[in-house]
Structure formats: structure tokens, C-alpha cells
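Asker: Here it is, the structure in full.
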Protein chains: 4
Amino acid sequence: MTDKFDDLRHELAVANRILAHEGVIDAFGHLSVRHPDNPERYFLSRSRSPELVEPDDILEFDLDSQPVKPATVQLYAERVIHGEIFKARPDVVAVCHHHAPAVMPFCISGDPIVPVFHLGASMGAVAPFWDSRDEFGDTNLLVVKSAEGASLARALGKHSLVLMRRHGATVVGLSLRELVFRSIYSCDNARYLSEAKRLGNFSPLTPGEIEVAQAIYQLPNAQSRAWEYWETRLAKHGGLPAPLTQLASTAHLSLPRPPPQPSPASRGLKGGGRGRVGGGVARPARTADKNTATKKAAAKKAATPKGGKRK
Amino acid sequence: MTDKFDDLRHELAVANRILAHEGVIDAFGHLSVRHPDNPERYFLSRSRSPELVEPDDILEFDLDSQPVKPATVQLYAERVIHGEIFKARPDVVAVCHHHAPAVMPFCISGDPIVPVFHLGASMGAVAPFWDSRDEFGDTNLLVVKSAEGASLARALGKHSLVLMRRHGATVVGLSLRELVFRSIYSCDNARYLSEAKRLGNFSPLTPGEIEVAQAIYQLPNAQSRAWEYWETRLAKHGGLPAPLTQLASTAHLSLPRPPPQPSPASRGLKGGGRGRVGGGVARPARTADKNTATKKAAAKKAATPKGGKRK
Amino acid sequence: MTDKFDDLRHELAVANRILAHEGVIDAFGHLSVRHPDNPERYFLSRSRSPELVEPDDILEFDLDSQPVKPATVQLYAERVIHGEIFKARPDVVAVCHHHAPAVMPFCISGDPIVPVFHLGASMGAVAPFWDSRDEFGDTNLLVVKSAEGASLARALGKHSLVLMRRHGATVVGLSLRELVFRSIYSCDNARYLSEAKRLGNFSPLTPGEIEVAQAIYQLPNAQSRAWEYWETRLAKHGGLPAPLTQLASTAHLSLPRPPPQPSPASRGLKGGGRGRVGGGVARPARTADKNTATKKAAAKKAATPKGGKRK
Amino acid sequence: MTDKFDDLRHELAVANRILAHEGVIDAFGHLSVRHPDNPERYFLSRSRSPELVEPDDILEFDLDSQPVKPATVQLYAERVIHGEIFKARPDVVAVCHHHAPAVMPFCISGDPIVPVFHLGASMGAVAPFWDSRDEFGDTNLLVVKSAEGASLARALGKHSLVLMRRHGATVVGLSLRELVFRSIYSCDNARYLSEAKRLGNFSPLTPGEIEVAQAIYQLPNAQSRAWEYWETRLAKHGGLPAPLTQLASTAHLSLPRPPPQPSPASRGLKGGGRGRVGGGVARPARTADKNTATKKAAAKKAATPKGGKRK
């Protein structure tokens, strides 16, 4: 779909792929962003591995986690995590659920994760621990019912990171980029903490240090520097999403996706740029309702050299 | 060979390469799939590192692990693992034997692997431990005799994963994709368990949780999402197998293979696609019995752009 | 800027990227080199992740860490680390501040890092430990004031590496290449030490061994062999910086940078070489004061094949 | 040089690069092979990181580790390791000295490495431990004198792997491929052992198991399968050496090497193949004594497609 949320969908797709590329999420895990104009809505991909999410995959949901337009594609089973947290936390703009290797040992052992270095303070002072068994007994551990999502949101409380026993973690942010920053550095923090515990003694940051250090990523050159770094790394591996070139309705067709993209190196070689290979042009047109003007705009967009896109 | 099992051989080659790319198998290890029409047969590659297996390498074996057609190529010494498990377990459709770094410390220490997170439950509740020394005394630890394979199959019993002391592991699945899913996530489970044990206390999933969580990968969007993810990662690294373009008899010639494939980046650059470089076209024709129609179909297949192949 | 410091800026950019590629620095961290003609000045990049630093990004600072020419680009908040160490240590030619995963567990636990293998002796016999809390109480742990930088420089003393509690490390060298060598091998040393401690007993090098082994990197073929290795690895991943093609003033414009560079593979394919894509040509001309001769020289330089550049 | 040892030099260069690519050696470390016709000679690269070694870099040495033809290039300081072991062990055909991260914690702690899995048995039953301090007191730990090399050779004795305290390891083989196999799998063995020790109890292979399992790599399809795997992985990363195209004398000129090679992807794209970029053609001719016939043969060789080279 080509509308005023194109950039937001593109950025959310990039964020998905950054977290995959940096080892926070693998085949599973997902991240969402609240609708900028309507706090009762949020954007989230259809069910797909984050590394593969395209802007076209991103759908709009209400806070009961129902798609705003009827969808025939598969949806994430655990999207109530997003809806219930957006309900409970009006301040939250973005949510990520993951099973990062860095946090799993803590989710399994029950050991607390505490901030142990300056950038790790971005997780906040405390990461609450939620055990689905307490309220819901034996389940498959997935958070699929509204009641489960609401329970998780209560456990999260006013914090930024909640650990989910034998399952993973959920992170929130006041912006999408804050969320990405916090997700990555809270994983680093967990890794360093785990190693430090084995070396011997360790002491976390003081409450005073946490309070000021958790704001580091709000410094003008911290978040943008990190984002540029992660996005460049992603681009070097050919991991950028395709540009938006399809109308909204395509997301509602459960047609087969094109196969795995060619290797990064071949993408930029054929004149038309990224759009040619990974994006819309190679796919058969799937909708009849495109008007010619839109088509031309999309084609023009696809041909824009990489350099012309960033803000 | 170009016959009705082309797709199966292609998928088995992809599965080999996925497990290599995800770090489950290295130079050694192998995986098989039962013949879909004849339960007394199974498909397995000639002796070759899984990362290199091409559809053309895959041969048909009977349950005594003898090749159905006389083969002059080298065969895996340990193929009785597959044959004996297919005999003992009529429900099993696919078998993988590996020496993943994630499980080796458990195979050496004898510590049990238990499921500690939701996706790890795909291993089942129990992973039995088989020590070749118990029945066979001092060997080179390879499972090469029928009696050894049968002993291993007995140890596996009704379970999905059996650890082999000082050697590795064998995993089974009710489908090839289930097998791949279980192989990868049981390795993740072993890694997280190992780390959690060092942090301090840990508790496995409850029996009730295991029972429901081990079925997660059967959810409609779990297995296909993960497969798409792994296959895309493989494709990004230029790791997809060449398309099938040779007749059956080629697999029985012990001709030298073409040398290492060029780097992924150069593969897609020369018009004809993958087949040109890694696959059949660059190899000299090795059989005289191709008819022209088959040849044309194969050529056409090789020239299909990557986007047109997946189901 | 094209002047007599072109090579130095190119080498500093390469050093930045080597340390990023070898896992010493990530989104954050920075390294500087003293002005070869004026000991009261040093060169350091504008605020940017080291993996992305281009020669054009490198600015000149005085020892109070103020840019020599007014800059409108973002500057590293912690550049006083460099200025204060250059003040306190006239012998030091290059400084690196990093948060390498290898040292963080020691920075958190307070365990000392001691040299445990021959190349690790490049760190020197002792790595002092600096805790910002001792003098400055609760801060966000960044070293942003002159007094903080001076305190760190005092803790460093005559040594080559200082650990910064809950933050990272700072390393110094008598040359840029010595700095890179020491930064990389002191991280290896920390990793091996950490593992050795878990295996059981360990003993560091003797004082006599350290004294002679710390000079290994000064052997004629040690430092150059290592540098060639790291630079080649970097080049293989498409990580070399773009050649210098802009006049000095460009660094003072806070124009948006071009987006992430295309993958390495595509860089060399379009005739003009690296400069076409990552460097100056793709960017709009940003200065009016280029004279034609400079322009031609720059263009000629950009077109030089990779092979023609190294000394 | 183009002579009857071309293939041997090519294979030794490949072996160097395989061990670098598989993480056994980094900037330092080296490996040699005995002269097939003259047991008093061996081949070893000039001083260069193994990942970069070209066939042209490989020189001939006598057992006192002096180059057979006067060399003006830098030589490895520690080549006496090779010469003294070839003297003391007439059965040995190939020698590798490395500082692999997998063995360093054992070299530092003094913990013994014992074989704990079937492929790990390739290290043999015992890995002796050599401490340079015992005979030579405080040194920089490099093995640079004949007496030091001879002492190390005595410690090695009849075994296949000797650990060098606070330094690294030296491995020997009855063939170059056996050496590569043993180097890689003894590192895997060390990693698994280290992890197993942390999990709890562990028991090594029995003497009977070791005796038969250490011969696994001599099975017809074990060594060749592994070599094909490692060489393919190397090729995929653009890591194969350039073909031999220079006469012998070039190795004796200490001319600057060409700069880092372009990224793998671009290597195969320009018609002439690998030789064009990384090898001889791009370099200025450095010798006057080439005759035209040799030149043509070399050029023809450089143009051979990758597929035509392997045996």
C-alpha cells in the first residue's frame, strides 16, 4: 500500500531486520509500532520471520489485536502481547517480543538481569519476571489469549523489559528506535552480566547511575549513530527490505511469496535497484485496482538509487 | 535423475544445507527421508558433506541400507543408523545424525538434556542416552553394523532424540521439516540449558507444558515460517543446491565433482542463473540416454530465475 | 580535504574499521591519532560509528578537545579522553576507547586482566582500574568533562591499558598500528584469561617474560603481517573506506550522509571504483571553493584501482 | 615459480587458508610440508598471515631452516619449529604451529587436553605439555633458536600434538591433509572438553577406543569428504589462493605486495578468473628471466575456469 504511512512501514521493516541481523530475534519474535494518529491502533507484520518482513507485510490492528481490514494471511499467534501492552501503557509507542539467546539462560534459571554497564542501563533499573504458570497453569507457553497478554502487561508494569519464564522477553519503547536500542543493549547487558558472574563478584550500577545512564540513548548523537551503524551493517549483508510498491489490498491475499532473495551482491547490479529483485516488480501483479498513476509512482520509487531514500 | 521424486530430492538437499548453515552439522553428519510410496526404502545422499549435497547426489536405499541400484560412489559408513531406525519406527519419516557443538558437551559428560523453553519442547520430554561401549565394547564409535544401528534404535525407543556417548546425537521426525525444526531447536535448548546451569538453579518445563509445547511446531504458521527463514538465510549465502538436471545414472558414476562453487555473489550475475555455475550445465554431459525433451526441460529449469521456483 | 594528511586520515579510517571488524568496537567507541607535526593537536572522526568512518569525517582538535575549525557536525561526547591523555602522555601517539565484549566482564566484576600469553603481553604488565564513582559519584559513566578525562589519564599513568568500571577500556599506543595491535590482542588475552580461570589454575607470564614479550609486535614482521591480515579481511568484506575526494570544508557541513553503502560485491563493478558509490561522486558537491585542479586530482585518485594505493 | 611442485605449493596455500578460515590460525601461525623427493628439505611460506598465503609465497628450506635460495623477503621467526621436528621425526610430513582460541585456555591453565569424542581421537591419546621456561627461563616465548625447536621436538616425542605453555600448540601429520584434519578436530575436541568439564563429570575415550578411533580420518571417505567441505567453504568466501603464475625468483624480491584483494564477489566477474585480480597479472612483472613459453603457460593457467583445477 502506498499511503502516508509508507515511511513508517519501511522503518518498521528495517527495525525487524536489524533485530534479526543483530541476533535478538531469529525465526520467531515480532515487533510493532503504535499508529501515530490513532492510539487505538498499531502496526505489525503478518506472520513472518522478522528478517524477511517487507513493508508490504505490515498490517494495521486494533488494540484487541484484530486486523482492521479482514486478512487472509497468517497472523502472529501472540499479537495480544502487543495489543494488551498498548492498552495498559499509553506512553508506549513500540513493542518487541523475542527469545534472544542472551536472555534465555536468565528466563530459564530465574536469575535477575540487572544493569551492569552504562548502555545496559537502557533496560531500566528492574526487569520483572513473569511466569505464565502462576495464573494459567500448564500451557504451551505462548501468549495467545487476551487474558494472558493482559497478565504479562501487568507484570511489565511501568518498566521497560519483562522476562518470561521458559519463554523469552518483551521490551517496550517510547519510540521505535528507542525500542531497537534497548533490545540490543539489554541483550549485551545480559551477556556481560552472565560472564561477570562467573568471574566472581560484580556490582550493578547504583540507582543514581542508572537514572542518568538510562537516558544516554536520548543524547542527540547516540541513537542516530547506533541506528546508522545497524542499518549500514544490514545493508552490507543485502538485508534491507524492498521498497513499497504494492497497494494495500495485496497484504490480504495469501498468495505465495517470491522465493528467497538472491544474494546481496546481485541486487544492486541491474540498474533498477533494490525494487527490481526483492520487491514488487518481479512479482506478478496481484491486484486489479491499481490505477496507472500509482503504478508509475511506485515504479519511480523502485528506481530511486539507494542514496536517495534516507532522511 | 528427473523423475517424480525430483522435488523430494531437492527438498532433502535443502534440508542438508540448512542444517549445515545453522551449525547443526559440519563436514560429517547426514539426513535421510523415507520413500513416500515404499516404506521399505529411504533416500540419502552419497558420502558427502551435507553443505555440499546436490539433489543428484541422493540415492535410494533399502532398509538394510543397501543402495537399490549398484553404486560406485562412496556411501556413508553409518547409514545403518537410518535403515535400522526406519525398520524399528514405522512412524518415522526422516532421520538426522549429527555432532552439533551444542550437544557434544552433554554427550561427553553424560548430563541429561531436558526441555527448558517452549520451542525446546520439540525434543520431547526425554532424550535417552546410548553408550556403544555397553554392548559393543571398544569401537571407533561409528555405527556401521546393523547390530549397532539396531541397538541405537532400541535406545531411541519411542522418543525423538537419542544422545550417543562421546559421539553425537540422532534425531527423528514425522516429516522432513519437523526433523529440521527439532534438530535446530533441540540444539538451542541444549545451549540455553548449559548456560542456565551455570547461572544457578533451573527447572525444566513441567510434563504438562512439554505435552502441549512440543506441538507448537505443528501450528500452521510455525513450521512454514521457520523453514522460509532458514531457506532464505541459506539463499542469501549462495547456499541453495543446484537444480536437478541429470538423469538417474549420473549418481552412479564416480566422476570427479566440479570444484568449489564460486562465491554466492557471482552466481546470479550471468543470465542463466544458478544452474549455470554450480549445477549441471557446467559439468560435461555424463549420460547418453537423455532424450531431447528431458534435456530441454532441464535446461529450461536451470534458466528459471530464482523467483519462479518455490512452491 | 586533500592535503598532506590525506594518508594519515585514510589510515585512521582504516584503523577504525579494522577495530570494528575485529569486534573491538561496535556502534560506539572511537580512536584518534596525534598530529604528526603539532603535538598540541590530534585527529579524530566526527561522531560516527567507527565501522562507517570515512577519511572525510576526520577532524583536527586541540588538546582541550575543541575542533580547530568550527564544526557543525556532531562530535563525540567523550573526546576529552583523547585530549587529556595526549596532554598527560607526550609519548602517546594514538588512543582508542572501546567497550569490547572481551573486557566488559572484567570491567563489571573488577577482576584484573593480566597477560597470559605472548601476544597478550602487548597490554603491558598491569592494567589499572578506574572507577568514575571514586571522584565523581553517580554519573552516566561517560567521560565528558576535562576533569573526568584528566582523572582517567592519571589512572592510566605510564601504562598502556586502563579498565573503566562498568564502562569499558582505553588503550594507548606509540603509533596507530601499535594501538590496533594492542587493542586486538589485549581482547584476545582477556578472553583466554577468562576461559583459563574457569578451567582451574592459571599463572600469568613472569615479569621477565612480559618485559621481552611485550616487544614482540615491534619485530619487523609482526606488526606489518598483522596489519596486512586485518586490512585484507576488512577489504574482503567490502569494508575499506572511500578514498578522499572532498575538500576540508565538507566536514563542517551537517548535511545528511548518503545512505548505507551497497554490498561490497557491487562496489568494484562499475568502472570508477570505490569512489563512485561510497565516496564523493555520488554525493552532491557541497563546497564552492574547489578549484579545478584539486577536483581533477581527486577524481584521478578515486579512479585509482585498489591495487595502486598502499605503501 | 612454475615447476613440478606447483600443485604442492597450491595445496599448501589452500591448507593455510583453510586453517585460517576454520579459526585455527589468525594473523600468526604457519604450516609446512616436507619436500616429497628430498627429506632434508621442507616448504613453508615467507612471513605472511596464513589466510593470505599464495603459492608464490612458498619457499624451500633445509632442516636448519635456512632458505635454499637466498631470500630477501621476511621469513617466519619461528621456522625452527618445523626444521627441528622434521629432523627429529622422519615420519612426519607436515607441521602446523598455531595459537587457536580453543587451545589457549589449556595452554594457560596447564589443564591436559584428552580425546573426548571419536573425531577428537585424531589428536592421539596424549598431548604433552612443553614449557619454554623449564630449559630457557624468561624469553618472549617465541621458538626462534634451534635449541628451542629441538627441545619442543623432544617434548612432542612420538605424539601428534604438543601444547606450549602460555603460547599455543604444534601439530604434526603424516600428510598435509591429515595435519589439517587433526588441527581442526583437536580444536573441536578442546572446546567440547572445556564445556563438558563445566557441566560436571566427564570421561575420555578408553585407550581401546582411542586406538581405533584415531584412524577414522584414514577411512577412504573421511578425509576427502572433510577436505572438500573446508575447501568449498573457503571458496564460497572468495578465499582460494591465486594460481601460480610467477617464476621462482619473484619470491626473493622484497617488493611491496599488492594491496588487499577486492571482495570475493568481484573476483570471478572479469573474464580472466582469479589470476587477474589476486595473482600475477595485476602485479607488475618483477623478473626479466621469464621466457615467453612459460609466460603463455602461466597466462593460460590463470584463465582456467575454477572447475578445471581440482584433482
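The values are calculated or read from the model by the stated rules, or taken from the named source; none is laboratory data. Being a predicted model, the structure only gives us computed values, none of them experimental. As a convention, Cβ positions derive from the backbone with ideal geometry for all residues, glycine included, and neighbour counts pool all protein chains shown. SASA here: full protein model, heavy atoms, side chains in, ligands and nucleic acids out. Shrake-Rupley method; radii C 1.70, N 1.55, O 1.52, S 1.80 Å.
Asker: Which one of these does residue D:131 not meet: (1) touching a helix residue (DSSP H, G or I) at 6+ places or on another chain (Cβ under 8 Å); (2) modelled with pLDDT of 95 or more?
Answerer: Unmet for residue D:131, out of (1) touching a helix residue (DSSP H, G or I) at 6+ places or on another chain (Cβ under 8 Å); (2) modelled with pLDDT of 95 or more: (1).
Asker: Residue A:81: modelled with pLDDT of 95 or more, open to solvent by less than 10 Å² (accessible area, probe 1.4 Å) and part of a helix (DSSP H, G or I), yes or no?
Answerer: Values: modelled with pLDDT of 95 or more: yes; open to solvent by less than 10 Å² (accessible area, probe 1.4 Å): yes; part of a helix (DSSP H, G or I): yes.
It is true that residue A:81 is modelled with pLDDT of 95 or more, open to solvent by less than 10 Å² (accessible area, probe 1.4 Å) and part of a helix (DSSP H, G or I).
Asker: State all residues of segment D:1-23 that are farther than 14 Å from residue D:176 by Cβ and out of contact with any Phe, Trp or Tyr (no Cβ under 8 Å at 6 or more places or on another chain); if no residue qualifies, say none. If you could, list the steps in order and put the result at the bottom.
Answerer: Quick first cut of segment D:1-23, residues farther than 14 Å from residue D:176 by Cβ only: D:1-4, D:6, D:20-23.
Hits for segment D:1-23 are D:1, D:2, D:3, D:4, D:6, D:20, D:23.
Asker: Do we have residue A:60 as open to solvent by 10 Å² or more (accessible area, probe 1.4 Å), closer than 21 Å to residue A:3 by Cβ and in contact with a Phe, Trp or Tyr (Cβ under 8 Å, 6 or more places away or on another chain) here?
Answerer: Yes.
Asker: Moving on to the next point. In the set C:129, C:86, C:136, which member is in contact (Cβ under 8 Å) with a residue 12 or more places away in the chain, more than 14 Å from chain A (Cβ to nearest Cβ) and among the aromatic types (Phe, Trp, Tyr)? Don't jump to the end; show me each part of the working.
Answerer: Values: C:129 fails: more than 14 Å from chain A (Cβ to nearest Cβ); C:136 fails: more than 14 Å from chain A (Cβ to nearest Cβ).
Exactly one of C:129, C:86, C:136 is in contact (Cβ under 8 Å) with a residue 12 or more places away in the chain, more than 14 Å from chain A (Cβ to nearest Cβ) and among the aromatic types (Phe, Trp, Tyr), namely C:86.
Asker: Can I ask one more? Do we find a residue being within 12 Å of the chain's Cα centre (by Cα) and away from chain B (no Cβ under 14 Å) anywhere in segment A:45-55?
Answerer: Checked against the condition, which is being within 12 Å of the chain's Cα centre (by Cα) and away from chain B (no Cβ under 14 Å), segment A:45-55 yields no hits at all.
Asker: So, in segment C:131-141, exactly how many residues are open to solvent by less than 20 Å² (accessible area, probe 1.4 Å) and of a type outside the set (S, T, N, Q)?
Answerer: Within segment C:131-141, residues that are open to solvent by less than 20 Å² (accessible area, probe 1.4 Å) and of a type outside the set (S, T, N, Q) number 1.
Asker: Out of B:175, B:186, B:194, report the one residue that is in contact (Cβ under 8 Å) with a residue 60 or more places away in the chain and touching a strand residue (DSSP E or B) at 6+ places or on another chain (Cβ under 6 Å).
Answerer: Values: B:175 fails: touching a strand residue (DSSP E or B) at 6+ places or on another chain (Cβ under 6 Å); B:194 fails: touching a strand residue (DSSP E or B) at 6+ places or on another chain (Cβ under 6 Å).
After applying the criteria, what remains is B:186.
Asker: Exactly one of these conditions fails for residue C:242: (1) aliphatic (A, V, I, L, M); (2) under 19 Å from the mean Cα position of the chain (by Cα); (3) at the interface with another protein chain (Cβ under 7 Å from one of its Cβ atoms). Give me its number.
Answerer: Result: residue C:242 passes all but (3).
Asker: Answer yes or no: is there a residue in segment A:98-113 that is more than 14 Å from chain B (Cβ to nearest Cβ) and not β-branched (Val, Ile, Thr).
Answerer: Start the filter on segment A:98-113 by keeping residues that are more than 14 Å from chain B (Cβ to nearest Cβ), which leaves none.
No - not one qualifying residue is present in segment A:98-113.
Asker: As an exercise: evaluate residue B:147 against (1) free of Cβ contacts under 8 Å to residues at least 24 places away in the same chain; (2) of a type in the set (A, V, I, L, M); (3) open to solvent by less than 20 Å² (accessible area, probe 1.4 Å) and give the number of the one condition it does not meet.
Answerer: (3)
Asker: Quick one: which residue in C:142, C:156 is under 23 Å from the mean Cα position of the chain (by Cα) and within 24 Å of residue C:204 (Cβ to Cβ)? Talk me through it step by step, then tell me what you get.
Answerer: Details: C:142 fails: within 24 Å of residue C:204 (Cβ to Cβ).
Going through C:142, C:156 in turn, the sole match is C:156.
Asker: Quick check: is even one residue across segment C:192-210 within 8 Å of chain D (Cβ to nearest Cβ), open to solvent by less than 10 Å² (accessible area, probe 1.4 Å), at pLDDT 95 or above and farther than 15 Å from residue C:112 by Cα?
Answerer: Yes, the conditions are met somewhere in segment C:192-210.
Asker: One residue is enough: does segment A:63-74 have a residue meeting the conditions among the hydroxyl-bearing types (Ser, Thr, Tyr) and under 22 Å from residue B:22 (Cβ atoms)? Steps first, please.
Answerer: The initial filter retains those residues of segment A:63-74 that are among the hydroxyl-bearing types (Ser, Thr, Tyr), namely A:65, A:72.
With the extra rule that they be under 22 Å from residue B:22 (Cβ atoms), the set shrinks to none.
No, because not a single residue in segment A:63-74 is among the hydroxyl-bearing types (Ser, Thr, Tyr) and under 22 Å from residue B:22 (Cβ atoms).
Asker: Does segment C:133-149 hold any residues that are within 23 Å of residue C:66 (Cα to Cα) and not in a loop (DSSP other than H, G, I, E, B), and which are they? So that I can check it myself, show each step before the final result.
Answerer: Initial filter on segment C:133-149 (within 23 Å of residue C:66 (Cα to Cα)): C:136, C:139-149.
Across segment C:133-149, the qualifying residues are C:136, C:146, C:147, C:148, C:149.
Asker: Filter segment B:100-130 for residues that are closer than 20 Å to residue D:195 by Cα, open to solvent by 20 Å² or more (accessible area, probe 1.4 Å), in a loop (DSSP other than H, G, I, E, B) and in contact with a strand residue (DSSP E or B) (Cβ under 9 Å, 6 or more places away or on another chain) and give the result.
Answerer: B:110, B:112
Asker: Could I ask something else about it? How many residues are touching a Ser or Thr at 6+ places or on another chain (Cβ under 8 Å), farther than 14 Å from residue D:14 by Cα and either open to solvent by less than 10 Å² (accessible area, probe 1.4 Å) or free of Cβ contacts under 8 Å to residues at least 60 places away in the same chain (or both) when one looks only at segment D:25-57?
Answerer: Total satisfying the criteria: 2.
Asker: Looking at segment C:63-78, which of its residues are more than 14 Å from chain A (Cβ to nearest Cβ) and either free of Cβ contacts under 8 Å to residues at least 12 places away in the same chain or open to solvent by 20 Å² or more (accessible area, probe 1.4 Å) (or both)? Break it down stepwise before answering.
Answerer: Narrowing segment C:63-78 to residues more than 14 Å from chain A (Cβ to nearest Cβ): C:63-70.
Once the filter is applied, which keeps residues that are more than 14 Å from chain A (Cβ to nearest Cβ) and either free of Cβ contacts under 8 Å to residues at least 12 places away in the same chain or open to solvent by 20 Å² or more (accessible area, probe 1.4 Å) (or both), segment C:63-78 yields C:64, C:66, C:67, C:68, C:69, C:70.
Asker: Would a scan of segment A:141-157 turn up a residue that is farther than 22 Å from residue A:89 by Cα and in contact with a His (Cβ under 7 Å, 6 or more places away or on another chain)? Give the derivation first.
Answerer: So in segment A:141-157, the residues farther than 22 Å from residue A:89 by Cα come out as A:141.
Now restrict to residues that are in contact with a His (Cβ under 7 Å, 6 or more places away or on another chain): A:141.
Yes, there is a match, as at least one residue in segment A:141-157 is farther than 22 Å from residue A:89 by Cα and in contact with a His (Cβ under 7 Å, 6 or more places away or on another chain).
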